[in-house]
Each structure stands twice: as C-alpha cells, then as structure tokens.
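Asker: After the structure tokens below, expect a handful of questions from me.
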Amino acid sequence: MLAARRLTAIAVAAAITVFAVAPATAPAADAAPAIQFSYVQYNSPGSDRGGNTSLNGEYITIKNRSTVAKSLKGWTVRDVANHVYRFGSFTLKPGASVTLYTGKGTNTASKRYWGQSWYIWNNDGDTAILKNASGTRIDTCSWGSSGSAKRC
C-alpha cells in the first residue's frame, strides 16, 4: 500500500513538473475575415474631370472568402475623410465579389454604386475601411502615392 502511494505521488509530481515547464501554446493568429477587400482602383484612368464614366473608373472590390452567404446589410465602406457608403439589404454569396463604384449606376448582385458626383479615393494615398453593421472594423486597405490600383 505504501509503495502504491509513493508511485502515485511520484506520478503526480512528474505530471505537475511536465505541465509547469512545458511551453505555452502560442495563441492562434487572428483568422482572416470572411469578408475582405480584394482590390481597389483608386486612380481612375484618364483625366479626373468628374464625368460618370471616369467616376466609375474608381472602385473597390469586396470578396466573400467563406463558404456561406453573408448579409452586408448595414455594413459600411469609408475613407479617412469619412465618405461613407452603407449597404442596404444585400447578401454576398460564398466565394462571390461585389464591386463598389464611386459614380452612379444600377445596382446588381455584383455591382453597387455609391452615387457620388466627385471622386472618393485619394490618388496620393488613402485607406479604405470596411465595418460591419455594429461598427466593428473588419478590414482595411491602404495605399500610397504611387500607382493607380492595389490588390488588398
């Protein structure tokens, strides 16, 4: 009986020692959000004269990288100057993308229009910010003064 107690005590002490000196597992990195910016054309081709074709040459694309449809109702896209686009009733299918154009047009399942009469994205650097309906920042995409487009 005494030997059994000693063996149990040794086993418990060994287990405590192993757990006390074992390295802690690093926390998993934050998973990429299911809904993300994928591309921005921040400098529309040609001269910035404000015509609707030129305005719609400026756009940002959002992709659903998950395997389930996601409602974007109430979600917002904004820049650092706080120009805000708010999604109405809209569902993004799994694996699908939606492109948000600056100018005017007819909304579809893959195209949304901000309805602006001047450019949103600054050619010399800006940040696009995606927030969910409760205002939590989901994704950002930033660029500097070179180029005209960026994969996010």
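Asker: Checking the condition over 17 Å from S44 (Cα atoms), in contact with a Cys (Cβ under 9 Å, 6 or more places away or on another chain), modelled with pLDDT of 95 or more and surrounded by fewer than 16 Cβ atoms within 10 Å (Cβ to Cβ), which residue from T108, T140, T136 passes?
Answerer: Details: T108 fails: in contact with a Cys (Cβ under 9 Å, 6 or more places away or on another chain); T136 fails: in contact with a Cys (Cβ under 9 Å, 6 or more places away or on another chain).
After applying the criteria, what remains is T140.
Asker: Do you know which residues across segment 82-118 are in a loop (DSSP other than H, G, I, E, B) and closer than 21 Å to D48 by Cα?
Answerer: Matches in segment 82-118: N82, H83, T102, G103, K104, G105, W114, G115, Q116, S117, W118.
Asker: Okay, next question. Being in a loop (DSSP other than H, G, I, E, B) and either closer than 24 Å to A32 by Cα or touching a residue at least 40 places away in the same chain (Cβ under 8 Å) (or both): is that true of I62 here?
Answerer: On the way: in a loop (DSSP other than H, G, I, E, B): no; either closer than 24 Å to A32 by Cα or touching a residue at least 40 places away in the same chain (Cβ under 8 Å) (or both): yes.
For I62, the condition - in a loop (DSSP other than H, G, I, E, B) and either closer than 24 Å to A32 by Cα or touching a residue at least 40 places away in the same chain (Cβ under 8 Å) (or both) - is not met.
Asker: Any idea which residue in segment 114-133 is surrounded by the most Cβ atoms within 10 Å (Cβ to Cβ), counting only those that are of a type in the set (V, I, T) and in contact with a strand residue (DSSP E or B) (Cβ under 6 Å, 6 or more places away or on another chain)? Steps first, please.
Answerer: Initially, segment 114-133 is screened for residues of a type in the set (V, I, T), giving 120, 127, 129.
Narrowing further to those that are in contact with a strand residue (DSSP E or B) (Cβ under 6 Å, 6 or more places away or on another chain): 127, 129.
Numbers: T127: 14, I129: 19.
Top of the filtered list is I129.
The values are calculated or read from the model by the stated rules, or taken from the named source; none is laboratory data. Here the structure is a predicted model, which is why all the values come from computation and not from measurement. Quick reminder, even Gly has a Cβ in these numbers, built from the backbone with ideal geometry, and neighbours come from all protein chains shown.
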